[in-house]
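> First, the structure itself, so that you have it in front of you.
The values are calculated or read from the model by the stated rules, or taken from the named source; none is laboratory data. All of these numbers come straight from a predicted model, not from anything done at the bench. Ideal geometry is used to build each Cβ from the backbone, glycine not excepted, and the neighbour counts take in all protein chains shown. The accessibility values were calculated without ligands, DNA or RNA, using every heavy atom of the protein model including side chains. Shrake-Rupley method; radii C 1.70, N 1.55, O 1.52, S 1.80 Å.
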Amino acid sequence: MAQPGIPAARGAAAGLQAQNGAASASGSPYTNGPVQNTLMSSQVSSGQGYDSQLPGSYPRPMPAKTLNPFSAQSNFGGSQGSGQTLNRPLVASNPVPPSLHSGPSRMPPPPSQNPTATSMPSGSFLPGTNVPPPPLNWQYNYPSTGPQTNHFPHIAQPSISGNTNLTADHQYVSSGDPALQTSFIKPGSALPLQNPPLPTTFQPGAPPGPPPAAGLPPNRPPPAAGPPPNRGLTSQKTPPRAALPPSFNSAVSHDGITANASNGSMVTHSTYDEIEGGGFLAAPQPANQNPQTSRSVGYAYPSLPPGYQNTALPGAAGMPPPSLNYPSGPQAFTQTPLGANHLTASMSGLSLHPEGLRVVNLLQERNMLPSTPLKPPVPNLHEDIQKLNCNPELFRCTLTSIPQTQALLNKAKLPLGLLLHPFKDLVQLPVVTSSTIVRCRSCRTYINPFVNFLDQRRWKCNLCYRVNDVPEEFMYNPLTRVYGEPHKRPEVQNATIEFMAPSEYMLRPPQPPVYLFVFDVSHNAIETGYLNSVCQSLLDNLDLLPGNTRTKIGFITFDSTIHFYSLQEGLSQPQMLIVSDIDDVFIPMPENLLVNLNESKELVQDLLKTLPQMFTKTLETQSALGPALQAAFKLISPTGGRISVFQTQLPTLGVGALKPREEPNQRSSAKEIHLTPSTDFYKKLALDCSGQQAAVDLFLLSGQYSDLASLGCISRYSAGSVYYYPSYHHQHNPVQVQKLQKELQRYLTRKIGFEAVMRIRCTKGLSIHTFHGNFFVRSTDLLSLPNVNPDAGYAVQMSVEESLTDTQLVSFQSALLYTSSKGERRIRVHTLCLPVVSTLNEVFLGADVQAISGLLANMAVDRSVTASLSDARDALVNAVIDSLSAYRSSVLSSQQPGLMVPFSLRLFPLFVLALLKQKSFQTGTNVRLDERIFAMCQVKNQPLVHLMLTTHPSLYRVDNLSDEGALNINDRTIPQPPILQLSVEKLSRDGAFLMDAGSVLMLWVGKNCAQNFLSQVLGVQNYASIPQTMTELPELDTPESARTVAFISWLREQRPFFPILYVIREESLMKAVFLQNLVEDRTESALSYYEFLLHIQQQVNK
């Protein structure tokens, strides 16, 4: 616990370092917004280049002198006049604590994942068997971090569920485009608020003035005696009652400023932490308001859609009696409790799935792969709860039955974690527009289907068990036009919902969509011809870029110098401005380089048409990527937005220059390969970008080694994405051109969220300790996502901090606060509910093998980087051995010969073997280093469904497709052939087989394939006539062709990237890749599936 008066930043560093690694080589602290402690950690200041009095106007900021309250240093930010040099990037003023910095060549392992400095033993995901006591296994024995544990001390915080500008309008929108949304207007005037108005963001009557210093709350003095003491960043547990609770009519903000809640005084929020509601410390609670609540969750859980409990809680003194007379609506009704007494047998519900209880001997029943896509297990919940649960495509847990204690989890040797796809494109998404967003006053959880209504006026939070009042406005349901039925509102009927956020959820007016494109135009880049494709794609999709009348666009090109393009309205053609001083980059004409797309569309189109020809005769071979990125950062930082960088070689000039590190003959040596960045420049710049709400997406189009391990940091820490096109060339590799065009079209037109933050909350007793994905962790559990896209996935690891013996159900909730491309502030909330179990058998029965494999893959990437590739491979194998050993010794009553596994884990050894053969983790010299790094980037950033397809491809026989069991989608018939095992045993020379490996489709045609398929589908006379480089199927007027083309098109539509189709003959070059993906067969450096099972059995039966 930090001492009062001592800045708590050092304590915060440990929690942050776990996710963000270390960064600086120079010793001069890079700045990335204030990161002081859990309570004051800031993402951006509310005065970051915006005049908060004029929402929607974005004047260029004056250089603002910002005083750092901790170091008394002054920083000058902002842009200066034409031709003047910017001395340093625009960043927030407070330096990150020195403990975030590292040496020049290697990031130290994050402490939460690697507490010791010793090298890790090969058998686990936890370091140091020589550290007493030795860890039992890799995924549980983390040092007690505490920051996310919900101890819920009674410490006050502002409640943000209300709105001072209360209107009577409510819109409940079922789904779809905002333009098509239906509004239900509540008649009459607004009902009086039961809760008083709460703090909002902007003060319309405030006198205009300069923006406040970065990181400081507006209109408040800097803290005199340092920040409040750090809470929850050390391993100590916060005592539940450290001090007397404050009086009930005051709310203490994060900064210790007290606002009287009863008179609705205004508090301006200065951090996203305050806006989203902080972690688990929140509003005050009277001493005896609800003394018993923590023991009664599940006791009165709804068996119908959440209703009301008609009995008062024991000891609930001071609460209103349940039998109140309401003006309208039904009286309270008794709810059938759904507690342990009603889940009678420990296996109730699973009796419907008798195979769930099966024990499988994998040595006798190897062929366990289902012929249809594997479905996630259904949690063992009452059907009325389960039908309200979150879609597993959006939110799923590795264990659908949560162990009651950490000891039980340790015994199972299975990882506990969540996999999220929070911004996925949805066909139906309920959107709620209301002036009241109902949240728990204590932990800030959003009201959801799994809360418990005690009566019409009170609901109990399903995360911290606090009893909250139902706001008067929430009593009315505009959908049914009935008063007194809060349990029927959309917020309580949908596990996934989106709120239109009121102004108190903003730090500044919503930013405009800003798109900045940065193009490599060196000789190497022009040779590839990529500029033609990219500029043409941009021209084709210019009108489809997400945005509105405020959309801004800009362009930078670079070789050994940096070229800006003035697109000022009124110019007859774009004006090129060259900055040759790459050591001290400045912005020549700040006001004309990022322009309104609508106003300057003709100039933008002219530039895109002429750009590919402008550099055709260039002889410049150097690449100053680092200075170009610095220029892009300076240009975009006043507003934030998206930077799209296209690079074709290793950067050679200026800051961020890199040297070749790959040695082909050492590719197989797991300890010699360079998986860590060679410089911290790209990470530091990414953190600066993140602080200014800018994300960087990297398109790498290179046939040579380009050190993606270093370059990829620019996207990883700014919440961007990496796209990789090895050996891209417009003539020599035309399929890559098609792939780039298709993926660019998706990239340019897909939905995008700006200036986003995401927080994941969980029921008291559970804690989150590690995050995976592309983001920066601000404070202990707030993920900074300057851009969020619908194709990104995230994962978190969890532990059981406190016993869950008093509850039968736990919940997890993710909340994503973002600005849409239309300038609306929105909150997308997903809530997942799972049962708690007390026996090892139930834990195994509820295991989700795909989610477990996905989480292990994320953990293995981290292990590869912090330790070595061989350590990661060993830890993956040991994950299987440990869990199956635990099952054998603790669950099976009799020790039978063979490899006995629970039915839920029947595919676990197969998926881990597939991971060992995946590009990220395979050994051998045939994987280029950049390709391996890209595969690792994909593991960390892809949603689970795509990750599993890349890891364990699907194999289909397609020479005999029929309409039997076919899908009918939009009048199209899509055949559904059975999925085959990935073994050469399943191939036959008289057939044709399609392998779907996620990013690539391979159609292998056997030598004796039927003439009918050759002529009716491939359009060739005989086998010898199949072209060597066939990458498209002709659309012939035959039923066979229609079925095959429809099936391949349907597969492609399922993913955001474009898989190239390769038609493979016996002698094709791609045949080796096809065979490499048959993961059940033996390769030069890897075991076959049967050999792997024998190895596992030998270890398990030791």
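> I'd like to know if the range 750-770 contains one or more residues that are closer than 18 Å to Q647 by Cα and either touching a strand residue (DSSP E or B) at 6+ places or on another chain (Cβ under 8 Å) or open to solvent by 30 Å² or more (accessible area, probe 1.4 Å) (or both).
no
> Filter the range 974-989 for residues that are over 22 Å from P1039 (Cα atoms), open to solvent by 30 Å² or more (accessible area, probe 1.4 Å), of a type outside the set (S, T, N, Q) and part of a loop (DSSP other than H, G, I, E, B) and give the result.
R989
> From the list A992, A997, A1010, which one is surrounded by 22 or more Cβ atoms within 10 Å (Cβ to Cβ) and of a type outside the set (V, I, T)?
Among A992, A997, A1010, only A992 is surrounded by 22 or more Cβ atoms within 10 Å (Cβ to Cβ) and of a type outside the set (V, I, T).
> Can you confirm whether Q364 is farther than 30 Å from E985 by Cα and either open to solvent by 30 Å² or more (accessible area, probe 1.4 Å) or not small (G, A, S) (or both)?
Considered against the rule, which asks whether it is farther than 30 Å from E985 by Cα and either open to solvent by 30 Å² or more (accessible area, probe 1.4 Å) or not small (G, A, S) (or both), Q364 comes out as no.
> Let me ask something else about it. Please go through the range 765-776 and give me each residue that is modelled with pLDDT of 95 or more and touching a Ser or Thr at 6+ places or on another chain (Cβ under 8 Å), ordered by number.
Residues satisfying the conditions are G765, L766, S767, T770, N774, F775, F776.
> Any residue at all in the range 458-473 that is more than 24 Å from K764 (Cβ to Cβ) and acidic (D, E)?
yes
> For A879, state whether it is open to solvent by less than 10 Å² (accessible area, probe 1.4 Å), in contact with a Phe, Trp or Tyr (Cβ under 8 Å, 6 or more places away or on another chain) and either assigned to a loop (DSSP other than H, G, I, E, B) or among the small types (G, A, S) (or both).
yes
> Among the residues of the range 798-809, is there at least one that is under 18 Å from T496 (Cα atoms) and either open to solvent by 10 Å² or more (accessible area, probe 1.4 Å) or touching a Leu at 6+ places or on another chain (Cβ under 7 Å) (or both)? Write out each step before concluding.
Of the residues in the range 798-809, the ones under 18 Å from T496 (Cα atoms) are none.
Looking for residues that are under 18 Å from T496 (Cα atoms) and either open to solvent by 10 Å² or more (accessible area, probe 1.4 Å) or touching a Leu at 6+ places or on another chain (Cβ under 7 Å) (or both), one finds none in the range 798-809, hence no.
> Going residue by residue through the range 926-945, is there one that turns out to be open to solvent by less than 40 Å² (accessible area, probe 1.4 Å), in contact with a helix residue (DSSP H, G or I) (Cβ under 7 Å, 6 or more places away or on another chain) and either charged (D, E, K, R) or at pLDDT below 95 (or both)?
Scanning the range 926-945 turns up at least one residue that is open to solvent by less than 40 Å² (accessible area, probe 1.4 Å), in contact with a helix residue (DSSP H, G or I) (Cβ under 7 Å, 6 or more places away or on another chain) and either charged (D, E, K, R) or at pLDDT below 95 (or both).
> Can you pull out every residue in the range 1072-1087 that is under 19 Å from L1001 (Cα atoms) and open to solvent by 30 Å² or more (accessible area, probe 1.4 Å)? It would help to see each step written out before you state the result.
Within the range 1072-1087, the first condition is being under 19 Å from L1001 (Cα atoms), and the residues that meet it are 1072-1080.
Within the range 1072-1087, A1072, V1073, L1075, Q1076, N1077 meet the criteria.
> Something else now. Out of the residues in the range 946-967 that are farther than 28 Å from E1084 by Cβ and either of a type in the set (D, E) or in contact with a Lys or Arg (Cβ under 7 Å, 6 or more places away or on another chain) (or both), which is least open to solvent (accessible area, probe 1.4 Å)?
Result: L961.
> Can you tell me which of (1) within 30 Å of Q1011 (Cβ to Cβ); (2) assigned to a strand (DSSP E or B) is the one V901 doesn't meet?
(1)
> Let me ask you something else. Identify, please: which residue in the range 1064-1097 is in contact with a Lys or Arg (Cβ under 6 Å, 6 or more places away or on another chain) and among the hydrophobic types (A, V, I, L, M, F, W, C) and is, among those, farthest from E1032 (Cα to Cα)?
Here the answer is A1086.
> Would you call D971 open to solvent by 30 Å² or more (accessible area, probe 1.4 Å) and among the acidic types (D, E)?
Taking the combined requirement at face value, the residue satisfies it.
> So, in the range 1013-1035, exactly how many residues are hydrophobic (A, V, I, L, M, F, W, C), open to solvent by 60 Å² or more (accessible area, probe 1.4 Å) and in a loop (DSSP other than H, G, I, E, B)? I'd like the intermediate steps shown before the answer.
Taking the range 1013-1035 and keeping what is hydrophobic (A, V, I, L, M, F, W, C), we get 1013-1014, 1017-1018, 1020, 1024, 1026, 1030, 1033.
Okay, now just the ones that are also open to solvent by 60 Å² or more (accessible area, probe 1.4 Å), so 1024.
Subsequent filtering for residues that are in a loop (DSSP other than H, G, I, E, B) retains none.
Of the residues in the range 1013-1035, 0 are hydrophobic (A, V, I, L, M, F, W, C), open to solvent by 60 Å² or more (accessible area, probe 1.4 Å) and in a loop (DSSP other than H, G, I, E, B).
> Taking into account only those residues within the range 1059-1071 that are open to solvent by less than 30 Å² (accessible area, probe 1.4 Å) and modelled with pLDDT of 95 or more, which is farthest from S1025 (Cα to Cα)?
Only one residue fits best here, namely P1059.
> Being open to solvent by 10 Å² or more (accessible area, probe 1.4 Å) and in contact with a strand residue (DSSP E or B) (Cβ under 7 Å, 6 or more places away or on another chain) narrows it down to one of T433, T445, so name that one. Lay out the reasoning, then the answer.
Details: T445 fails: open to solvent by 10 Å² or more (accessible area, probe 1.4 Å).
Among T433, T445, only T433 is open to solvent by 10 Å² or more (accessible area, probe 1.4 Å) and in contact with a strand residue (DSSP E or B) (Cβ under 7 Å, 6 or more places away or on another chain).
> A follow-up question, please. Return the pair list, or none, for Cβ contacts closer than 6 Å from residues in the range 641-653 that are among the charged types (D, E, K, R) to residues that are buried (at least 23 other Cβ atoms within 10 Å of the Cβ) and at pLDDT below 95, at least 6 apart or on different chains.
No pair meets every condition.
> Here's a follow-up. Counting only residues that are open to solvent by 10 Å² or more (accessible area, probe 1.4 Å), part of a strand (DSSP E or B) and under 30 Å from L804 (Cβ atoms), how many does the range 461-482 have?
Residues flagged as open to solvent by 10 Å² or more (accessible area, probe 1.4 Å), part of a strand (DSSP E or B) and under 30 Å from L804 (Cβ atoms) within the range 461-482 amount to 1.
> I've got another one for you. Which one is surrounded by the most Cβ atoms within 10 Å (Cβ to Cβ) among residues in the range 678-717 that are in a loop (DSSP other than H, G, I, E, B) and touching an Asp or Glu at 6+ places or on another chain (Cβ under 8 Å)? Walk me through it before giving the result.
The initial filter retains those residues of the range 678-717 that are in a loop (DSSP other than H, G, I, E, B), namely 678-680, 692-693, 701-707, 712, 717.
From what's left, touching an Asp or Glu at 6+ places or on another chain (Cβ under 8 Å): 678, 693, 702, 705-707.
Numbers: S678: 16, Q693: 28, S702: 22, Y705: 18, S706: 26, D707: 23.
Of everything passing the filter in the range 678-717, Q693 is surrounded by the most Cβ atoms within 10 Å (Cβ to Cβ).
> Still on this structure, I have one more. Filter the range 815-848 down to the residues that are in a helix (DSSP H, G or I), open to solvent by 10 Å² or more (accessible area, probe 1.4 Å) and either without any contact (Cβ under 8 Å) to a residue 60 or more places away in the chain or not charged (D, E, K, R) (or both) and list them by number.
Listed by number, the residues that qualify are L840, N841, L845.
> Determine, yes or no, whether Y794 is of a type in the set (S, T, Y) and within 22 Å of E504 (Cα to Cα).
When the stated conditions are applied, Y794 does not pass them.
> Find the residue count for the range 425-460, including only residues that are not in a loop (DSSP other than H, G, I, E, B) and not basic (K, R).
Summing the residues that are not in a loop (DSSP other than H, G, I, E, B) and not basic (K, R) in the range 425-460 gives 9.
> Tell me whether the range 553-572 contains one or more residues that are under 23 Å from N733 (Cβ atoms), small (G, A, S), at pLDDT 95 or above and open to solvent by less than 10 Å² (accessible area, probe 1.4 Å).
No, that holds for no residue.
> If you don't mind, another one. Check off (1) part of a helix (DSSP H, G or I); (2) touching a strand residue (DSSP E or B) at 6+ places or on another chain (Cβ under 8 Å); (3) farther than 30 Å from R750 by Cα for E1040 and give me the number that stays unchecked.
Going through the list (1) part of a helix (DSSP H, G or I); (2) touching a strand residue (DSSP E or B) at 6+ places or on another chain (Cβ under 8 Å); (3) farther than 30 Å from R750 by Cα, E1040 breaks only (2).
> Can you pull out every residue in the range 964-973 that is free of Cβ contacts under 8 Å to residues at least 60 places away in the same chain and assigned to a strand (DSSP E or B)?
Across the range 964-973, the qualifying residue is only N968.
> Can you say whether L916 is at pLDDT 95 or above and aliphatic (A, V, I, L, M), as far as the supplied structure shows?
yes
> Kindly indicate whether E802 is part of a loop (DSSP other than H, G, I, E, B) and in contact (Cβ under 8 Å) with a residue 60 or more places away in the chain.
yes
> Given (1) at positive phi; (2) assigned to a strand (DSSP E or B); (3) at pLDDT below 95, where does E755 come up short, assuming only one miss?
Single failed check for E755: (3).
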